[in-house]
Amino acid sequence: MKLTQEYKELAWQGLWKNNPGLVQLLGLCPLLAVTSTVTNALGLGLATLLVLIGSNATVSAIRHWVPKEIRIPIFVLIIAAFVTCVQLLMNAFTYGIYESLGIFLPLIVTNCAIIGRAEAYASKNPIKQASFDGLMMGLGFAAVLVVLGAMRELLGQGTLFDGANLLFGEWATSLRIEVLHLDSQFLLAILPPGAFIGMGFLIAIKNYIDSQAAARQPAPEQQENIERVRVNFD
């Protein structure tokens, strides 16, 4: 029962309450740079998810043998190893999205969200919980990427899943949906300033939902103020 509650708390933290993209505001460089389309966002989200799970599990497995003085360099080496594996796999099987993501794929190594989870949670907890934490944090980060990518692609090009064949193969060409017919692209949504504006709206929406949820919570009973009586023995 206690373990189930812990998994529920990890899921809630990763997907919403402590979301690395919306709350911690970590990994903003790739998040804002490559989310011009849903396909790019999904590709980077899946890559980050795999690295998070693998690095968290490995850091947790060796946590008792890593000296505290050199733990951060070791964590970075572990993360770099998984990023290299993911990079080679994408180069071999999804070369189109590999080219599209460019330098931001190897830059996952320096993603503060991954290093932060390795230091804050994986290095202090068992492998199962650390892996699940990586899964939930990765899903939360990927969800923000995909939603932001959908917003920017829809406003900028009027489409969804444009270039899905780069990630899933030629069969995914049929996934492309033209929602709006635009004579020309809306550059503000596609360029980096549009990413900042869209991210601001997402954070505002989350804060609004949280404030509304907090307002619905029953107010704690106010304790009656008991006046202290001073006794003068003079």
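Calculated on C-alpha atoms, the gyration radius of the chain divided by its Kirkwood radius gives an Rg/Rh of 1.13. Neighbours of residue 111 by Cβ distance under 15 Å: Lys/Arg scored +1, Asp/Glu scored -1, total 0. The protection proxy used here, the mean number of other Cβ atoms lying within 10 Å of each residue, ranks peptides 108-118, 161-171, 183-193, 45-55 as follows, highest first: 45-55, 108-118, 161-171, 183-193. Before I look further, what does the chain give for accessible area per residue, probe 1.4 Å, in whole square angstrom? Accessible area per residue: 59 Å². Look at the alpha carbon pairs under 8 Å that are at least 6 residues apart: their mean separation over the length of the range 57-142 gives a relative contact order of 46 percent.
The mean sequence distance of close C-alpha pairs (under 8 Å, at least 6 residues apart), as a share of the length of the chain, puts its relative contact order at 29 percent. In order along the range 88-104, the Karplus-derived 3J(HN,Hα) couplings, from 6.51 cos²θ - 1.76 cosθ + 1.60 at θ = phi - 60°, round to 5, 5, 5, 5, 7, 10, 9, 5, x, 6, 4, 5, 5, 6, x, 5, 6 Hz, and Gly and Pro are given as x. The local environment of residue 175, defined by Cβ-Cβ distances under 15 Å, has a net charge of -3 under the rule Lys, Arg +1 and Asp, Glu -1.
Temperature 4 °C, viscosity 1.567 mPa s: under these conditions the Stokes-Einstein estimate for the range 4-57, based on its Kirkwood radius over C-alpha pairs, is 105 µm² per second. Given their separation in residues at 0.36 nm each and the Cα-Cα distance between them, residue 112 and residue 69 gain 13.6 nm when the chain is fully extended.
The values are calculated or read from the model by the stated rules, or taken from the named source; none is laboratory data. If you're wondering where the values come from, they're calculated on a predicted model, not measured in any experiment. Methodologically, a virtual Cβ is constructed for each residue, glycine included, from the backbone with ideal geometry; neighbour enumeration extends over all protein chains shown. Surface areas here come from the heavy atoms of the whole protein model, side chains and all, with no ligands, DNA or RNA. Shrake-Rupley method; radii C 1.70, N 1.55, O 1.52, S 1.80 Å.
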